[in-house]
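Report on one structure; see the data block that follows.
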Amino acid sequence: MATSPPPKRRRKNAGAKVTPSLPLLPPVVVFAHGAGAPSSSDWMIRWKELLKNAVGAVEVVTFDYPYLCGGKKRAPPKAEKLVEFHKGIVKETSEKYPRHPLILAGKSMGSRVSCMVSAEEDIAASAILCLGYPLKGSKGAIRDETLVQLKVPIMFVQGSKDGMCPLEKLQAVRKKIKCETELYVVDGGDHSLKVGKKHLQANGLTQEESEMNALEAVGSFISSCLKP
């Protein structure tokens, strides 16, 4: 007598819909200028494009702080007084690019204000990039109060000859920062990451090659911060 085949077991959750994980969108970068030059400076325009390519950004947003607007060049106020304006730019950018990871970047003073903005409760940054962080104040004081309270991964790109950020002082501060930190040193670089011609010749490099090496490190850091 023929027997019926045993009924097939239904796998647990069979037929249940599986929600695929959403693909990671390219980051958007808000890039703040330094104290002395606006977003229209040659340095900022060039690095805006370099950063866009290095991190695969959907856009690198630049802007001018109010004290540089209106065609008049005035002395910058204290960094704390720029936070609210900077934060407004960041929020506008986040609304324009929802779900895109947010990277806060800055040149010198702009990087310091970026760190302050990252601490705001309604700002959700994935990483901070500091190009020539001004750790040392005009009177010699080490300005590390904001850094030691950070909760967002941060990368410093510093010239080895940058008088505004002695590397041994920065290393000491990094030990006090609880979140992930990265440091890339541009050998022979100044506060704007420019390397002297003699130093470049001695090391068989060009300024462009020196910058590309730094940008490769930046790309790797940002990529590691965006991994799901």
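The values are calculated or read from the model by the stated rules, or taken from the named source; none is laboratory data. Just so it is clear, the model here is predicted, and its values are computed rather than measured. Methodologically, a virtual Cβ is constructed for each residue, glycine included, from the backbone with ideal geometry; neighbour enumeration extends over all protein chains shown. Calculation scope for accessible area: heavy atoms of the full protein, side chains included, ligands and nucleic acids excluded. Shrake-Rupley method; radii C 1.70, N 1.55, O 1.52, S 1.80 Å.
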Worksheet entry | When residues of the stretch 188-211 are limited to those that are open to solvent by less than 70 Å² (accessible area, probe 1.4 Å) and acidic (Asp, Glu), the one nearest to Lys48 (Cα to Cα) | Glu211
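Scan the stretch 38-49 residue by residue and report those that are surrounded by fewer than 17 Cβ atoms within 10 Å (Cβ to Cβ) and either among the small types (Gly, Ala, Ser) or in contact (Cβ under 8 Å) with a residue 60 or more places away in the chain (or both). Please lay out each step first, then the result.
Initial filter on the stretch 38-49 (surrounded by fewer than 17 Cβ atoms within 10 Å (Cβ to Cβ)): 38, 40-43, 45-46, 49.
Selection gives Ser40, Ser41, Trp43.
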Item to complete: Only residues in the stretch 142-156 that are closer than 16 Å to Glu182 by Cβ and touching a residue at least 12 places away in the same chain (Cβ under 8 Å) count as the first member; pair them with residues that are among the hydroxyl-bearing types (Ser, Thr, Tyr) and in a helix (DSSP H, G or I), Cβ under 9 angstrom, at least 6 apart or cross-chain, and list the lot.
Response: Leu150/Ser118; Lys151/Ser118; Val152/Ser118; Pro153/Ser224; Ile154/Ser118; Phe156/Ser111
Worksheet item: Could you give every pair whose Cβ atoms fall below 7 Å, whose first residue belongs to the stretch 198-216 and is on the phi > 0 side of the Ramachandran plot, and whose second residue is in a helix (DSSP H, G or I), counting only separations of at least 6 or pairs across chains?
Response: none
Response to the item:
Here the residues within the stretch 50-90 that are part of a helix (DSSP H, G or I) and either surrounded by fewer than 15 Cβ atoms within 10 Å (Cβ to Cβ) or among the polar types (S, T, N, Q) (or both) are Asn53, Pro66, Cys69, Gly70, Gly71, Glu80, Lys81, Glu84, Gly88
Discussion item. Quick test of your reading of the structure: Lys176 fulfils all but one of (1) in contact with a helix residue (DSSP H, G or I) (Cβ under 8 Å, 6 or more places away or on another chain); (2) closer than 21 Å to Lys81 by Cα; (3) among the basic types (Lys, Arg). Name the failing condition by number.
Written reply: (2)
Item to complete: Name every residue in the stretch 146-187 that is open to solvent by less than 20 Å² (accessible area, probe 1.4 Å) and either within 18 Å of Glu216 (Cα to Cα) or under 15 Å from the mean Cα position of the chain (by Cα) (or both), in order of residue number.
Response: Leu147, Leu150, Val152, Ile154, Met155, Phe156, Val157, Gln158, Gly159, Val186
